[in-house]
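Novice: Before anything else, here's the structure in question.
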Amino acid sequence: METLLLLMLLPPLAGAALNGIFGRRFSQGLVSAIGCGSAGLAAVFAILAALTSHLGPDSPPFVHSYFTWIEAGSFRADFALYYDRLTLIMTLVVTVIGFLIHMYSRGYMEHEGGYYRFFCYLNLFLFMMLVLVTAASYPVMFVGWEGVGLCSYVLIGFYFPKKSASDAGKKAFIVTRIGDAGFTVGAALLFWTFGSVNFPELFPRVAALGLGDQQRALTAACLLLFLGAVGKSAQLPLYVWLPDAMEGPTPVSALIHAATMVTAGVYMVARSNVLFVHAPEALKTVSAVGCITAFFAATIALCQNDLKRMLAYSTISQLGYMFAGCGVAVFSSGIFHLMTHACFKALLFLAAGSVMHAMSGELDMRIMGGLRRKLPITFWTFLVATLAISGVPGLAGFFSKDDILAAAYNGPLGAPWLYWLLTVTAGLTAFYMFRGLFMTFCGKSRVPHDLEHHVHESSSKMTVPLMILAVFSVVAGYVGIPKVLGGSEAFDRFLEPVFGGSQGLLAANGVVAQHPASDLVLMIGSLTAAGLGILIAYWFYLRSPEIPEGLATAFSGAYRTLVNKYYVDEFYNWLIVHPLVVGSRKFLWQFVDVGVVDGAVNGSAEATADVGQVLRRIQSGNIRSYAAWVLLGAVGWLGYLLLR
Amino acid sequence: MPLSSHILTVATFLPLVGAAIIAFLPRENSGRVRMVALIFSLLTFLVTLALIFGFSRTAGGFQFEENYAWITSPPIHYHMGIDGLSLILIVLTGFLTPLCVLVSWTGITERTKEFHIFLLALETGVIGVFVSLDLFLFFVFWEVMLIPMYFLIGIWGHGRKVYAAVKFILYTMVGSALMLVGIIFLYERSGSFDYPQILAQLSDGSLPLTHTTESLLFWAFLIAFAIKVPLFPLHTWLPDAHTEAPTAGSVILAGVLLKMGTYGMLRFCLPLFPNASREFAGLLSVLAVIGIIYGALVSMVQPDLKRLVAYSSVAHLGFVVLGIFAFNVQGMEGAIYQMVNHGVSTGALFMMVGMLYDRRHTRLIKDFGGLGTTIPVFSTFFMIVTLSSLGLPMLNGFVGEFLIIIGAFHARVLWGTLAAVGVILAAVYLLWMYQRVFLGEVTDEKNREIPDCNRREKWLLTATVAVIIFMGIYPQPFLRQMDVSVARVLTRVNPEPVAAHNSKLPAAPAQAQMAPPPRPRNRATTGGASR
């Protein structure tokens, strides 16, 4: 098993190294063969690991330490890997979707410069993501955590001669690093409280506590860890980097900024479930932040005209759902949605990439329309994904989203307001997704003439991954059919060994939903919301396109606020970025450093010189004046003795 | 007597031998001068590496000791010896000096001969500081090393080089003068200049110091060291000296000279004056954290690349001081590790800024832009070093910073947390700088013409990057080297002996006192305390 895990991790690293060092001299074919081949190998070994792990319901997680990484005093972080059923799911999601996106990139990046650079970064990302999900301690997880952040930075800024791209990369790295500081301090707090940051030691120690023990330390640690998740998974108030991250090539948006990296925060919270259930206040913060973010981002998505940016806000919103699921202590629902979302959101982005390819890089939905006929495969796959994310019954998103909605009401820490806000958000989601679908693919073509004749369906290199993901977007939900629909909640039961203990703790302490409701009623509520959303979108964007324009003029203030994303970026610039730069330059550097501190130094030097200047006059070299000084001194001394 | 029993003398004076040989070479043949300098610096590096193999990680006390009477009255000895702390810094010096010779290969064209004489003499001075166990000998090396540095800045520097050189000398001299008073006072009281003897006398109580005396002595030493570090607010010599110095000067300055300050704190301030150290640890931690955040913010707005890197040193060394005054294993080992990291990473940054200067004769950030397209290989190296400097895991910087934050968090929750904020700021100033220099369009046509790395530069940078990656992935050999030395300092400075190994770990944090977890006593078995 330990070999198998290494075999899964190492091919992407080797691929990255090969392409990174020698890629310039390789042909495109060889570069993509190395890139896709290593991703494929990783997927194969991930599947083999899943098949041969034989993790029974009671078997402990597999842990293996490869070497000691950092050790000082009693602090010790080994390079150790951790494999349980949660890891199993994550490695499969990461490698399989990662592989498909690698395959897609062969076509997408064909005519772009820096082909080898792209595959090098993509491989490195895959390696780091695998480290993140297989890590057996917070420091090693942090390796992956920052590693994927680095890959995200270089890939967002892939077209680095463009200022907006390099700005976006920098912003992503810095904003997520705010969260990372929280992660670091959280790990420090855990170490000094429990004496370890390694999961196999830390989790049992915390699990042995009763609910309410070590409350302060655990709440603080969990909130700090969650701060890390907020940064990485783009939640309020640190979500601002993700929409800008769309500057990166589209496969990157699909892989990193939709399917895998941004879900790392959700994974981390789920992985730390033992800690979080011991800190219910922290958990409530998680669900509240997730829920509010889900709603907030969905409202912004309503008015976006850039296809990828709309999808970006949608991702933020869906990540909010996952946190809401984890926050009400039904962690499996969050992971379930993570998995299905990875399928359909990757598909949406890749399809958007296909549209972008056809439209010569254009992403403004206002000049699209009617692309359905020219891009049939793209259209149909995009439709499947749209249906899935909107929660239409029978597709993956329906099952997972419904799982979260039910949990939001009936979960141990559930609350009605969470459910209602998420349900409204589900309606908004259906609306903006169909708005996007209609504006892009349906109705009359608004494509400018000079672009029109370029529009063509993408090559099979790109469409085949689309079709495979479309299948996933349908079937992925069937692993978790709810009891209401006669299912057995297989997914939840599969993850029972990981989350069961935490849920048992809450149940044993009588932490249950205050006002449980029937799952069927809840489901009907969410279906209604989704249905309404789709209907309104149809009415607004296909039947009577004049209505949204009328609304936009009638409520121009609200509309402008939404189009400008609540002016949050402007606000942050005004509140933090600008004062920090100007304050540092004018006050700290030019005033304090040069003026005060160095001024004092130079001042004392000048004072010394001045004193020297004065004293120099005594040393005149004139014998008569020396005699006068001697006389003066003698008189003074005598006077002192006499008058004493 | 075999050479091996004089290995420290060899390591110290081998560079000086090289300098002497260069002095006899004809000045026209600068190629041969460089070659001799390179050979002798590499030989010295080999000798320092040999020290590692002969060094015992478990033995207490000093190793490779040499002790001869030098001056009989007062009793001054030629006493040398190293422990884990000095070993690491000596190897760092040995590693950086050949790089300095290589990086000056084409940049220094005037007075090449004198340049290399001074460079090698400087190495002798620096290694001498790290190996001296006699306070007087230490002081001699400490002062001697200033002279070559003064000339390196004053002759081969740029811009206001004389101003910078004089400022550097005067600033340091102020501190040295105080330290000399401290040394003489200790001699008056103990009758010895010998560091181990004085330490023994202080430890066993045969040399009692009053509270005031100890505090005064502590500050006499500390101010000298704090100026070298430099600790806020004694840092203003550094931006000038760094900016105006030639590349090799900046590399040595950042790489090892600053470490002499933190080395001095660990070697002298803490063990000799433990009570005063404890008393003022809080104050010094505050200054360290101010240095971290202040240094980062001021660095962020520098228009000059070299000045930016110089101010970043203030921030990085703030981490080191914070770690030292955390008084626990994690903080102190992290601090020592961070000293090496800073030497390698910031040294590399200075080298690369120097390479850019050689190509464009400017260091202003606004004159660059878009270099990623014109010199991709150089840009990649620069990126890796930048990432190491901002503490990316798997590169060296992270290991030190992480341990320091853990240690500092335990000692003082607030300052540890603020230090973590400093890590964010490091990303801000470094990535912003990287963006303005390497990303974006090429705005200045001159930047299109510049050549990418040549073979010499590639080797130089590959060596540095290899060290950066190795130290990030496998810090064990370095960390284990320092265990014994760190434990010794900690037993001196912490009143209860258990704290050195932290075997009863979670005693201190407020949270841990609320409800003891069920298995706290087993902790030592899972941690590394079993060593």
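Novice: Just checking, how many residues over the stretch B:400-448 are more than 8 Å from every other protein chain (Cβ to nearest Cβ), among the aromatic types (Phe, Trp, Tyr) and within 21 Å of the chain's Cα centre (by Cα)?
Specialist: Total satisfying the criteria: 0.
Novice: Can you tell me which of (1) within 14 Å of chain B (Cβ to nearest Cβ); (2) surrounded by fewer than 24 Cβ atoms within 10 Å (Cβ to Cβ) is the one A:VAL240 doesn't meet?
Specialist: Unmet for A:VAL240, out of (1) within 14 Å of chain B (Cβ to nearest Cβ); (2) surrounded by fewer than 24 Cβ atoms within 10 Å (Cβ to Cβ): (1).
Novice: Next question. Give the residues of the stretch A:486-508 that are outside any helix (DSSP H, G or I) and modelled with pLDDT of 85 or more, sorted by residue number.
Specialist: If the condition is that a residue be outside any helix (DSSP H, G or I) and modelled with pLDDT of 85 or more, then A:LEU495 is the only one that fits.
Novice: May I ask you to verify whether A:VAL471 is free of Cβ contacts under 8 Å to residues at least 12 places away in the same chain and either assigned to a helix (DSSP H, G or I) or surrounded by 24 or more Cβ atoms within 10 Å (Cβ to Cβ) (or both)?
Specialist: Criteria met by A:VAL471.
Novice: Is there a residue being modelled with pLDDT of 90 or more, away from chain B (no Cβ under 14 Å), under 17 Å from the mean Cα position of the chain (by Cα) and over 21 Å from A:ASP84 (Cβ atoms) anywhere in the stretch A:214-228?
Specialist: yes
Novice: Right, next: Check A:SER526 against each of (1) among the hydroxyl-bearing types (Ser, Thr, Tyr); (2) modelled with pLDDT under 85; (3) in contact with an Asp or Glu (Cβ under 8 Å, 6 or more places away or on another chain) and name the one condition it does not meet.
Specialist: It is condition (2) that A:SER526 fails.
Novice: Still on this structure: Being more than 26 Å from the chain's Cα centre (by Cα) and of a type in the set (Val, Ile, Thr) is true for just one of B:THR9, B:THR72, B:THR58. Which residue is that?
Specialist: B:THR72
Novice: Of the numbered conditions (1) more than 10 Å from chain A (Cβ to nearest Cβ); (2) at pLDDT 90 or above, B:CYS453 satisfies every one except a single condition; which is it?
Specialist: Checking B:CYS453 against (1) more than 10 Å from chain A (Cβ to nearest Cβ); (2) at pLDDT 90 or above, the one that fails is (2).
Novice: Looking at (1) under 30 Å from B:GLY400 (Cβ atoms); (2) among the aromatic types (Phe, Trp, Tyr); (3) crowded, with 23+ Cβ neighbours inside 10 Å; (4) away from chain B (no Cβ under 12 Å), which is the only condition A:PHE183 fails?
Specialist: For A:PHE183, the exception is condition (4).
Novice: Closer than 28 Å to A:GLY186 by Cβ, out of contact with any Cys (no Cβ under 6 Å at 6 or more places or on another chain) and buried (at least 24 other Cβ atoms within 10 Å of the Cβ): is that true of A:LEU132 in this structure?
Specialist: Yes, satisfied.
Novice: Provide a single number: the residues in the stretch A:170-180 that are β-branched (Val, Ile, Thr) and either more than 9 Å from every other protein chain (Cβ to nearest Cβ) or buried (at least 24 other Cβ atoms within 10 Å of the Cβ) (or both).
Specialist: Going through the stretch A:170-180 one residue at a time, the tally reaches 2.
Novice: Take the conditions surrounded by 24 or more Cβ atoms within 10 Å (Cβ to Cβ), part of a helix (DSSP H, G or I) and at the interface with chain B (Cβ under 8 Å from one of its Cβ atoms) and apply them to A:LEU155. Does it pass?
Specialist: no
Novice: Just one of (1) assigned to a loop (DSSP other than H, G, I, E, B); (2) hydrophobic (A, V, I, L, M, F, W, C); (3) out of contact with any helix residue (DSSP H, G or I) (no Cβ under 8 Å at 6 or more places or on another chain) trips up A:VAL447, so point out which.
Specialist: Among (1) assigned to a loop (DSSP other than H, G, I, E, B); (2) hydrophobic (A, V, I, L, M, F, W, C); (3) out of contact with any helix residue (DSSP H, G or I) (no Cβ under 8 Å at 6 or more places or on another chain), A:VAL447 violates only (3).
Novice: Follow-up. Checking the condition within 14 Å of chain A (Cβ to nearest Cβ), part of a loop (DSSP other than H, G, I, E, B) and crowded, with 22+ Cβ neighbours inside 10 Å, which residue from B:ALA315, B:ALA296, B:ALA310, B:ALA326 passes?
Specialist: Sole residue among the options that is within 14 Å of chain A (Cβ to nearest Cβ), part of a loop (DSSP other than H, G, I, E, B) and crowded, with 22+ Cβ neighbours inside 10 Å: B:ALA326.
Novice: Looking at (1) modelled with pLDDT of 90 or more; (2) assigned to a helix (DSSP H, G or I), which is the only condition A:ARG106 fails?
Specialist: Looking at each condition in turn, A:ARG106 falls short on (1).
Novice: So if I check each of B:GLY249, B:GLY331, which one is within 12 Å of chain A (Cβ to nearest Cβ) and in contact with a Phe, Trp or Tyr (Cβ under 9 Å, 6 or more places away or on another chain)?
Specialist: None of the others qualify; the one that does is B:GLY331.
Novice: Is it fair to say B:ASN502 is over 24 Å from A:GLU146 (Cα atoms), more than 26 Å from the chain's Cα centre (by Cα) and modelled with pLDDT of 85 or more?
Specialist: It is false that B:ASN502 is over 24 Å from A:GLU146 (Cα atoms), more than 26 Å from the chain's Cα centre (by Cα) and modelled with pLDDT of 85 or more.
Novice: Which of (1) more than 19 Å from A:THR184 (Cα to Cα); (2) surrounded by 24 or more Cβ atoms within 10 Å (Cβ to Cβ) is the odd one out, the single condition A:ALA234 does not satisfy?
Specialist: Answer for A:ALA234: the failing condition is (1).
Novice: Taking the stretch B:466-482 as the search range and keeping residues that are within 13 Å of chain A (Cβ to nearest Cβ), out of contact with any Lys or Arg (no Cβ under 7 Å at 6 or more places or on another chain) and surrounded by 19 or more Cβ atoms within 10 Å (Cβ to Cβ), which one is farthest from B:GLY60 (Cα to Cα)?
Specialist: Only one residue tops the list, namely B:GLY472.
Novice: Among the numbered criteria (1) of a type outside the set (Ser, Thr, Tyr); (2) assigned to a loop (DSSP other than H, G, I, E, B); (3) surrounded by 15 or more Cβ atoms within 10 Å (Cβ to Cβ), which one does B:VAL36 miss?
Specialist: With respect to (1) of a type outside the set (Ser, Thr, Tyr); (2) assigned to a loop (DSSP other than H, G, I, E, B); (3) surrounded by 15 or more Cβ atoms within 10 Å (Cβ to Cβ), B:VAL36 is out only on (2).
Novice: Okay, next question. Return the residue satisfying two criteria in turn: it lies in the stretch A:141-152 and is at the interface with chain B (Cβ under 8 Å from one of its Cβ atoms) and of a type in the set (A, V, I, L, M), and of such residues it is nearest to A:ALA312 (Cα to Cα).
Specialist: Among those residues, the one meeting the criterion is A:LEU150.
Results for (1) in contact with a Cys (Cβ under 7 Å, 6 or more places away or on another chain); (2) within 30 Å of A:LEU283 (Cβ to Cβ), shown as yes or no for each residue.
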| residue | (1), (2) |
| --- | --- |
| A:ILE367 | no, no |
| A:ARG372 | yes, no |
| A:PRO376 | no, no |
| A:LEU383 | no, no |
| A:ILE389 | no, yes |
| A:VAL392 | no, no |
| A:LEU395 | no, yes |
| A:LYS401 | no, yes |
| A:ALA407 | no, yes |
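Novice: Would you mind telling me which numbered condition in (1) free of Cβ contacts under 8 Å to residues at least 60 places away in the same chain; (2) assigned to a helix (DSSP H, G or I) B:GLU110 fails?
Specialist: The number of the failed condition is (2).
The values are calculated or read from the model by the stated rules, or taken from the named source; none is laboratory data. Note that the structure is predicted; figures quoted are calculated from it, not measured. Quick reminder, even Gly has a Cβ in these numbers, built from the backbone with ideal geometry, and neighbours come from all protein chains shown.
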